[in-house]
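The values are calculated or read from the model by the stated rules, or taken from the named source; none is laboratory data. Here the structure is a predicted model, which is why all the values come from computation and not from measurement. Cβ coordinates were reconstructed from backbone atoms using ideal geometry, including for glycine residues, and neighbour counts include every protein chain displayed. SASA here: full protein model, heavy atoms, side chains in, ligands and nucleic acids out. Shrake-Rupley method; radii C 1.70, N 1.55, O 1.52, S 1.80 Å.
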Amino acid sequence: MTKMTRSQPITELPAPVRTVLFFLLACISTMAAALFLELSVASSACLFLLIGIFCFYNKYGFQSTRQIQILALISSAACTISAILGRYSKYDNLFYGIQMKDFRNSPMQQKLLTVFIAAGLFIFFYFFFQRLYEYGGKFTINRTKAQPMENWAVFLCSFLMILICWLPYFLAYFPGILSNDSVWQMDQVLGIRPYSNHHPFTHTMIIKLLYTIGHAIFGTVSGGIATYTFFQMTVMALIFSYLIYTIYHQGAKTGWCIAVLAYFALVPFHAMYSITMWKDILFGGVVLLFVISIWKLLTKYRRGEPIWPVLPMFAITGIFVSLLRTNGFLAFLLCIPFVVIMLRKHWLPVLASGIVSVIVVLTVLGPVMSAFQVIPVDTVEALSIPLQHISRMIADDKLLTQEQTELIEKLAPVEEIKEAYRPNISDPVKNLIRRYNNQQAFSEYRWEYIKLWVSLALKYPGEIIKAQADQTYGYWYPDVQYWNVCTYIVDNDFGISTTPLIGGPVYNMVRNAATSYRTIPIYGMVWSIGLNMLAVFALGAVCIVKRKAWLLTAFIPTVAVFLTLMIATPVYAEFRYIYCLFTTLPFLASITFLTPQKPRKEPNIQKEPEQQAESAG
């Protein structure tokens, strides 16, 4: 454990001056928080908030290490920007989203109020992150006593506990949950529609394999779907159990391992997702295995141990990360150079493993898909963000040149784009372009469209920021509620519907668990994409404080998926798109606060003859 000492201020303020200063700062933070949270000016909550914040400021002050101060400044600035942009309201043109009649028609007062709120939030975040990083740097989950259970027993018990806790969901939603996307893939499996890579072809083939086996055994469509569902439940339970086994084997406290087990076994979205036919579920599990493989490579490298036993896991999980989601391939490619650099003494085998994975992926995406006559993803699907940027300018009646208008109308009429635009979802504009069947214009005028976006971005940067915030804020702003789980089978052409196999209190409990997060404070935070993403970045800062910055390489896959959503997400807060965040977060937290144990060496009971001779000598 690294010993940390606080930096001493050059001049110590007299106690009365210090108290007055912190009281004034507490007042600013309290007023900013009250405005931001839209509390009543006469609310008693403001008084309790002021007392709490003042005591917090006065007790801890500014003192901490220089490193923590820098990290706290960066973190507080990022959170302040997130808070202001996250509350932006397109319809009222307010950056803090507060309905205040006094300021609605006064741009200058609106800007001053926004600056005041930002200053108060920044001060609070700065004090908060100072303390968080200070205590996080000291916190550890290493156990000090001998392990109470064998490693294999931990794995087996974890697997059974998770599967048992998920079983009521399987029975309540039998044979599984199918959304429109799931039905689309099932139509391909049954030959109702041709194969398409709009939803990954690899995942469709996995569904087909399990469906074929289940249909051969049970003789029904429902039986085939149930077979896939149970397979997915089993695979995800095995992956989560492997996580628990890994951290327990490396010396994590039993209580911590039980908490991780409870997170996967009892938090409903894991159970609901395990029975939902989506590509995102297996993708989330595979990303977790990929993260574990990177961590194992890093750990073995730093110990001077051979890394070759982990390379097959790294390569295979990299292949599935790339094939189970379109943005997974981009995330995998982003990870390879960082892993190669961090393992630079063994760069050749690591790079070779990555190249093998890329070759396999390109083979599947090329010759294999061609052989199966798979329809590729259309161009417009990957252009959600730039399309939303340009559509926002059209919707806000920004001035366009004749040349720019003509270029846009090669895709669809400008007036129809204006009517179709929705700030939080790109599908209406994309579907409009699909309806006019003008996607070939993207390839014919590729550089012209790039120049169009650049010129508009330089001319209207505020519009770009607003459009980007509206299209992505659910991934980085905590206070967002959007649908997270599907709870039924949509209408389909193969004639199945939800057929519960249980009833009574257990059935009601399972049904209510899927939506209770919307009404229960604190518990709802577990489902927050923005808050959990913030936790990942905070854990990364703690790694730096603990002088374990090398661990940040293991964070890259999760962050890479997040970044790909920032440049391509079609929906502002789709939980399943970033489900890998919720599968990897417990492991990232574990390795942050865990110092891995070195492998125990077997005692040398019988010495070699030469060693015996030396001892005798």
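Taking into account only those residues within the range 468-506 that are over 21 Å from the mean Cα position of the chain (by Cα) and not in a loop (DSSP other than H, G, I, E, B), which is farthest from residue 220 (Cα to Cα)?
505
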### Summary
Given (1) buried (at least 16 other Cβ atoms within 10 Å of the Cβ); (2) within 30 Å of residue 294 (Cβ to Cβ); (3) among the polar types (S, T, N, Q), residue 363 misses just (1)
### Query
Residues in the range 135-152: is at least one part of a helix (DSSP H, G or I), closer than 18 Å to residue 498 by Cα and not basic (Lys, Arg)?
no
### Query
Restricting attention to the range 531-584, which residues are among the aromatic types (Phe, Trp, Tyr), part of a helix (DSSP H, G or I) and crowded, with 19+ Cβ neighbours inside 10 Å?
555, 562, 575, 577, 579, 582
### Query
Only one residue in 139, 174 is in contact (Cβ under 8 Å) with a residue 24 or more places away in the chain, open to solvent by 30 Å² or more (accessible area, probe 1.4 Å) and more than 30 Å from residue 487 (Cα to Cα). Which one?
139
### Query
How many of the residues making up the range 12-63 are within 33 Å of the chain's Cα centre (by Cα), under 23 Å from residue 81 (Cα atoms) and either exposed (fewer than 15 other Cβ atoms within 10 Å of the Cβ) or of a type in the set (Asp, Glu) (or both)?
2
### Message
Is it the case, given these coordinates, that residue 482 is surrounded by fewer than 19 Cβ atoms within 10 Å (Cβ to Cβ) and touching a residue at least 12 places away in the same chain (Cβ under 8 Å)?
### Response
yes
### Summary
residue 262: passes all of (1) under 24 Å from residue 170 (Cβ atoms); (2) within 18 Å of the chain's Cα centre (by Cα); (3) open to solvent by 10 Å² or more (accessible area, probe 1.4 Å) but (2)
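Considering only residues that are of a type outside the set (A, V, I, L, M) and open to solvent by 10 Å² or more (accessible area, probe 1.4 Å), which ones fall in the range 296-316?
296, 299, 300, 301, 302, 303, 304, 305, 306, 308, 309, 312
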### Summary
Checked against (1) open to solvent by 40 Å² or more (accessible area, probe 1.4 Å); (2) under 28 Å from the mean Cα position of the chain (by Cα); (3) at pLDDT below 90, residue 516 satisfies every condition except (1)
### Query
Take the residues of the range 447-474 that are without any contact (Cβ under 8 Å) to a residue 40 or more places away in the chain and open to solvent by less than 80 Å² (accessible area, probe 1.4 Å): which is farthest from residue 79 (Cα to Cα)?
450
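Go through the range 153-184 and give me each residue that's part of a helix (DSSP H, G or I) and small (Gly, Ala, Ser).
Across the range 153-184, the qualifying residues are 153, 158, 172, 182.
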### Query
Across the range 216-242, which residue is farthest from residue 495 (Cα to Cα) among those that are touching a Pro at 6+ places or on another chain (Cβ under 7 Å) and surrounded by 21 or more Cβ atoms within 10 Å (Cβ to Cβ)?
229
### Message
I'd like the residue in the range 64-107 that is assigned to a helix (DSSP H, G or I) and modelled with pLDDT under 75 and, out of all such residues, is most open to solvent (accessible area, probe 1.4 Å).
### Response
101
### Query
Taking only pairs six or more apart or across chains, which ones have beta-carbon atoms under 6 Å, a first residue in the range 424-446 that is open to solvent by 50 Å² or more (accessible area, probe 1.4 Å) and in a helix (DSSP H, G or I), and a second residue that is of a type in the set (Gly, Ala, Ser) and modelled with pLDDT of 90 or more?
436/412
### Task
May I ask you to list the residues in the range 388-403 that are within 14 Å of residue 448 (Cα to Cα) and buried (at least 20 other Cβ atoms within 10 Å of the Cβ)?
390
